[in-house]
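Let me begin by presenting the structure, written as structure tokens, before commenting on it.
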Amino acid sequence: MISLPLTTPILPSRCLLHQTRRPNSTRRRFWIRSSSSLHEHVTAKTTKRVVLVRHGQSTWNEEGRIQGSSDFSVLTKKGESQAEISRQMLIDDSFDVCFTSPLKRSKKTAEIIWGSRESEMIFNYELREIDLYSFQGLLKKEGKEKFGEAFKQWQEDPANFIIDGHYPVRELWSRARSCWPGILAHESKSVLVVAHNAVNQALVATAIGLGTEYFRSLLQSNCGVSVLDFTPTTDGGSPHVCLNRLNQTPNSPLAGGSSGGRKASKQVILVCHGQGNNEDSAVINQAATNDQSMNMLGVIQSQKTAELLLDLRVSSIVSSPKAASIETAGVISRVQKAAGCLGVDSVPRHVETKQMNELDVEGVLRKSNQDNDVIASSQPGWLSQLDEEAVSALWNRSGKAWESLLDKLSDEESNPGEIMVVVGPPMTHISLIAQCLNLTKEGLGLFHLDAGSISVIDFPDGPSRSGVIRCTNYTAHLGRWCIPITRAA
């Protein structure tokens, strides 16, 4: 086993300018840059997949105690069980190396997941959890009582939170950027990184170009798995980065729990429709004029998704007007309404269903990009296959859809637990995720979604404020048809 400090700073592979869409949005700028010069870039020689895992539940997680970078807590029995489930989930996946935080709760999780693999395990102190100084060791209620306004700032404005003369979130972002050169320089194609909640958030954010204001916007649950793909560019510069999935957990992502430390008052579940006839996950054939229905695999995917959602009381389903989306929405609606006879709910469920034309992005792309035969959002750099007119049309349409969905959620303030399911193609939901994060249209290439997947957005402060991405591209519910996290060994 190797212990390796990494200090070279990383710069973003792009500088995306965010936009202001909702009047109450609190988003500011993407980047607080490191002090390194602008000509320094992170490069990847080969295509590389990096799999991030947060440690299992610790004793201080269980107690509600602030851990920070302290090393007093250890995994609970539940935490060890979560790590074992993650090991099983990743047992057929091939990893060339494991980087891990040396803190006991992370180290033990890494050892359980790594199992009998003979490849090296590298301990890197830069992967430790966020440094929270005087907060560390306190129960959350003690932090509130002892530090008052400082604790309130930590909860409400963490990017500018200061304690003991330090800005912990800013320091964390700088440290996360410093980790990437060593990870990407390693001669490997598949890398496992086991660390902590905040630092994993920072690793994801710095990889895709998001600044400190996105702290707590990308959820990391105990033993949640996130996947980043790095693809070399032809000019040898910074690699193209794609978030393949976020926070795939050992249990259902719909099982509840807090969202960034707060309970979600509203929730949007993005369901990618089941695979259609002659459809290769998220591929749009410009020459095709038929509205494709689902094939048998798509029918199975929609049924699996409906089963996953059965434990929730879905209040409304909004779908694209295309056949595969309508069919998927119909399956979910019928299963919801049958909850009583299925023994899940004793109270009859009413589900409002409607179609929204703005969720039909394929039609817009066909009109705007007729010269291209195929657009494949399943491939790295798919955004470059579209001309400027097509990208703008996609972005503008998705912006209208997102505003309409938020307005619908806002109309139901009397029902704080409302859950809305939105059914559409992967490219539509990629656009909605980018809209939720307040990105620009250049951010469309940062995400990947598969047919039959679900993504979950929480609104702990209501739909007029920023959403929290609970998970993206979750496919574990598909069973034998789920999408592997890495290539097979």
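One table, with the values for the structure above:
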{"item": "Exposure of GLU149 as accessible area (Å², to 10), given a probe of 1.4 Å and all protein chains", "result": "140"}
{"item": "Under 5 Å, built H, 5+ apart or other chain: amide partners of SER69", "result": "LEU132, TYR133"}
{"item": "Heavy-atom accessible area order for ILE483, ILE469, ILE112, largest first, 1.4 Å probe", "result": "ILE483, ILE112, ILE469"}
{"item": "Nitroxide proxy distance, nm - points 7 Å out along Cα→Cβ at ALA323 and LYS354", "result": "2.6"}
{"item": "Protein-only accessible surface order, largest first, of GLU442, GLU145 at 1.4 Å", "result": "GLU145, GLU442"}
{"item": "Distant-in-sequence amide H partners of VAL423 (H built 1.01 Å from N, under 5 Å)", "result": "VAL271, VAL318, SER319, SER320"}
{"item": "Linear extension gain, GLN385 paired with ASP157, 0.36 nm per residue minus alpha-carbon span", "result": "78.2 nm"}
{"item": "Segment 125-191 - accessible surface per residue (Å², probe 1.4 Å)", "result": "47"}
{"item": "Near-label residues of segment 51-67 by backbone N, under 17 Å of a point 7 Å along Cα→Cβ of SER81", "result": "56-63"}
{"item": "With every protein chain in place, segment 31-184: carbon and sulfur % of accessible area (1.4 Å)", "result": "49"}
{"item": "Under-5 Å amide H pairs with CYS471, H placed in peptide plane, nonlocal only", "result": "VAL456"}
{"item": "LYS400 accessible area, 1.4 Å probe, all protein chains in place, Å² to nearest 10", "result": "130"}
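The values are calculated or read from the model by the stated rules, or taken from the named source; none is laboratory data. The structure displayed is predicted, hence computed values, not measured ones. In this analysis, Cβ positions are derived from the backbone assuming ideal geometry, glycine residues included, and neighbour counts consider all displayed protein chains. Heavy atoms of the whole protein, side chains included, go into the accessibility calculation; ligands, DNA and RNA do not. Shrake-Rupley method; radii C 1.70, N 1.55, O 1.52, S 1.80 Å.
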